[in-house]
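**Student:** One structure, pasted below without further comment.
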Amino acid sequence: MRFTVIIPARLASTRLPNKPLADLGGKPMVVRTAERALLSGAAQVVVACDHMDILHACEQHGIKAYLTREDHPSGTDRIAEVAKLLQLSDNAVVVNVQGDEPMIDPALIAATAALVDSATPMATAAHGIATASDFFNPNVVKVVLDSRGRALYFSRAAMPWARDAFARAKDVVPAGALRHIGLYAYQNQFLQRYPNLPISPLEQIEALEQLRVLWNGIAIAVHVTEHSPAIGVDTPEDLQRVRQFFE
């Protein structure tokens, strides 16, 4: 199937300033991410950025980029602007790949894009949780699914809660526990609607943007992969580990 990857890249970062431009083996991180996305079979890969420095860095390495408004409240709003600039059709599939994922699996991008259709205008990904420390970590977002592989709920809390097993010990992981992977695919018609959806109280409580979609009664398909995703870059420590790989 045909799909477009749009990579939101914002220069400001509280934990890692100028993160999209961080050097990884001679290339900026956002360029490394775009190069991985190009291996997914995408029809095109575009960076949606908020600063001329990112735009110039992409152009120097042959990556198409668009300068967007600086005041977008989320990456989803930013890619919606670029999808409109690209004049994509309503049925076009757009994949949001975060700009700090320079080691993302191209096959994961393609598999997530393949789940989007008119009945499920949004898709994401997840993988099994192996350790109790991850299961109880609020920074690890969990997702539970229905019988069709659609998301019932996302939470920072431990779920599903194994009542009987946890009465005996708290170092077990319930069968089927899933960690959410922050990769999203959308039907463009829905992507253009998204910024205008009413904000969910659950979204504000959990600080999870995707809960707005469920709260408004819209289905999210979930691709479950057997492979743990490669490390993303959120902290200086993450950056150092990724740099070692590219060097």
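**Student:** Can you give me the Rg/Rh ratio for the chain, using Cα atoms for both radii and the Kirkwood formula for Rh?
**Tutor:** Numbers: Rg = 18.0 Å, Rh = 18.6 Å.
Value, to two decimals: 0.96.
**Student:** Taking amide hydrogens as modeled 1.01 Å from N in the peptide plane, which residues meet the under 5 Å criterion relative to Ile231, leaving out close sequence neighbours?
**Tutor:** Residues meeting the amide H criterion: none.
**Student:** Between Leu39 and Arg2, with labels modelled 7 Å along Cα→Cβ, what's the label distance in nm to one decimal, could you check?
**Tutor:** 2.5
**Student:** Give me the mean projected area, in nm² to one decimal, of the convex hull enclosing the Cα positions of the range 1-104. Don't skip to the end; give the middle numbers.
**Tutor:** Values: hull surface 25.5 nm².
Dividing the Cα hull surface by four gives the mean projection, 6.4 nm².
**Student:** Right, next: Place the peptides 98-105, 116-123 in order of packing, highest mean first, counting for every residue the other Cβ atoms within 10 Å and averaging per peptide.
**Tutor:** Values: 98-105: 22.9, 116-123: 19.1.
Per-residue mean Cβ counts within 10 Å order the peptides as 98-105, 116-123.
**Student:** Take Asp71, Asp90 and order them by how many other Cβ atoms sit within 10 Å, fewest up front. Don't skip to the answer; put the middle values down first.
**Tutor:** Numbers: Asp71 7, Asp90 11.
Ascending number of Cβ neighbours within 10 Å: Asp71, Asp90.
**Student:** Determine ³J(HN,Hα), in whole Hz, for all residues of the range 211-226 in sequence, where each value follows from phi through the Karplus function 6.51 cos²θ - 1.76 cosθ + 1.60 and θ = phi - 60°; x replaces Gly and Pro.
**Tutor:** Those phi angles translate into 5, 4, 5, 5, 4, 8, x, 9, 6, 10, 7, 10, 8, 9, 9, 7 Hz.
**Student:** Going by Cα centres, the range 74-103 and the range 1-66 are how many Å apart?
**Tutor:** Taking the Cα centre of each part, the range 74-103 and the range 1-66 sit 12 Å apart.
**Student:** Which of rounded, prolate, oblate describes the range 61-181, given a ≥ b ≥ c as roots of the alpha-carbon gyration tensor eigenvalues and a/c under 1.5 marking rounded, otherwise prolate only if a/b is larger than b/c?
**Tutor:** Working: a/c = 2.57, a/b = 2.05, b/c = 1.25.
It comes out prolate by the Cα gyration axes.
**Student:** Give me the percent of DSSP beta bridges within the chain that run antiparallel, rounded to the nearest 5. Present the calculation step by step, with values, prior to reporting the outcome.
**Tutor:** On the way: 19 of 38 bridges.
Taking every DSSP beta bridge within the chain, about 50 percent pair in antiparallel fashion.
**Student:** Taking the alpha-carbon centroid of each part, what is the distance from the range 186-202 to the range 142-171 in angstrom?
**Tutor:** The two parts, judged by their Cα centres, are 26 Å apart.
Readers should treat all values here as calculations from the given coordinates under stated rules, not as data from a laboratory. Quick caveat, the model's predicted, so the values are computed rather than measured. Heads up, the Cβs are rebuilt from the backbone with ideal geometry, glycines too, and the neighbour counts pull from every protein chain shown.
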